[in-house]
Amino acid sequence: MAREQLNSAAYSWNGFAERQELAAALAGHVAGRLTKAIAERGTGLLAVSGGNTPAKFFAALSAIPIAWDKVIVTLVDERFVPASSPRSNAGLVAANLLQNAAKAARFVTLYHEATSIEDAASSDNAALQSLPWPLDVVVLGMGPDGHTASFFPDADDLARLLDPSSDRIVLPVHAASAGEPRLTLSLARIVDAGFIALHIEGEDKRTAFDSAVAPGPRKPIRAVLDAARKPVEVFWAP
Ligand SMILES: O=C(O)[C@H](O)[C@@H](O)[C@H](O)[C@H](O)COP(=O)(O)O
């Protein structure tokens, strides 16, 4: 099925008629980028988002036979819950992506027990220093409110989360609309990625994206588009 291709300086729109077709195409792009990274620097560093959207994409990617033993998978963000929780992004990734061929990948999670989200973020920040930055691939989601990662519009200290010059890797997030406290990669680490995909599905999210790129109040996803070193590849299906 022909796909819709729209471009602007900040993003490329890749529209698909079916969600399964999107999942296969996005998985192919991500696998290709990881393979290129492994050829160039011996490893591939991938950060993925959680939520309800990525499962089909994760399943398609997990089956692609690349050198997964040279891939490190981490999370764009995480709810402050253990992997056993149904709200856990680590649990979602373990069950859907780290299966099949992708089982051989190394998984660096964000959640661990801590007395506060601030303490958890500080220890994550130290632990993730040793990863082979920059990200080769990051796959973002987006909420209808224009949030991405855990950059919620009502987050405390949103400016710190969105600071493109931040030297932080992981930051704590308190936002009433987020449910639990969150741990998130900083915008600075996300926009440094070699390939940034935004995976959204449904008319509500297309409307939300169109509104985020139109003139008007700046939503968090717009901060990523504006700061990204390369155009963000948007993958959308109805
Ligand atoms: O932890 C999370 O929830 C995600 O990382 C978040 O940024 C997600 O991508 C959006 O909220 C979209 O979520 P859905 O895919 O569930 O709509």
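The table below lists the values:
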read-out: Where labels lie 7 Å past Cα in the beta-carbon direction, separation of ASP154 and ASP210 in nm; value: 2.7
read-out: Under the Karplus curve 6.51 cos²θ - 1.76 cosθ + 1.60, θ = phi - 60°, whole-Hz ³J(HN,Hα) for region 65-78, x wherever Gly or Pro sits; value: x, 9, 7, 4, 5, 10, 10, 10, 9, 9, 10, 5, 7, 8
read-out: Sites ALA39 and SER130 - FRET efficiency at Förster radius 22 Å, r taken between beta-carbons, to 0.05; value: 0.50
read-out: Three semi-axes of the equivalent ellipsoid, the chain, Cα gyration tensor, whole Å, largest first; value: 24, 23, 17
read-out: When each of LYS103/LYS205; LYS36/LYS219; LYS70/LYS205; LYS56/LYS205; LYS103/LYS219 is checked by Cα-Cα distance, pairs over 24 Å; value: LYS103/LYS205; LYS36/LYS219; LYS70/LYS205; LYS103/LYS219
read-out: Rounded accessible area of GLU40 (nearest 10 Å², 1.4 Å probe); value: 130
read-out: Packing-based order for 184-191, 125-132, 70-77, using average beta carbon neighbours within 10 Å, highest first; value: 184-191, 70-77, 125-132
read-out: Of all accessible heavy-atom area on the chain, the percent that carbon and sulfur account for (1.4 Å); value: 54
read-out: Distant-in-sequence amide H partners of THR74 (H built 1.01 Å from N, under 5 Å); value: LEU46, ALA47, VAL48, VAL108
read-out: For the chain, calculated [θ]222 nm from helices alone, where every DSSP H run of n ≥ 4 adds -39500 (n - 2.57); value: -9500 deg cm²/dmol
read-out: Accessible area per residue in Å² at 1.4 Å probe, computed on the chain; value: 41
read-out: Long-range amide H partners of LEU198 with built H, under 5 Å; value: LEU140, GLU233, VAL234, PHE235
read-out: Packing-based ranking, highest mean first, of 214-224, 19-29, 157-167 given that Cβ atoms within 10 Å are counted; value: 19-29, 214-224, 157-167
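The values are calculated or read from the model by the stated rules, or taken from the named source; none is laboratory data. Note that the coordinates shown come from a computational prediction; the quantities given were computed from them, not determined experimentally. Cβ atoms come from the backbone with ideal geometry, glycine included; neighbour counts cover every protein chain shown. When the accessible area is computed, the model is the full protein with side chains, heavy atoms only, and any ligands, DNA or RNA have been set aside. Shrake-Rupley method; radii C 1.70, N 1.55, O 1.52, S 1.80 Å.
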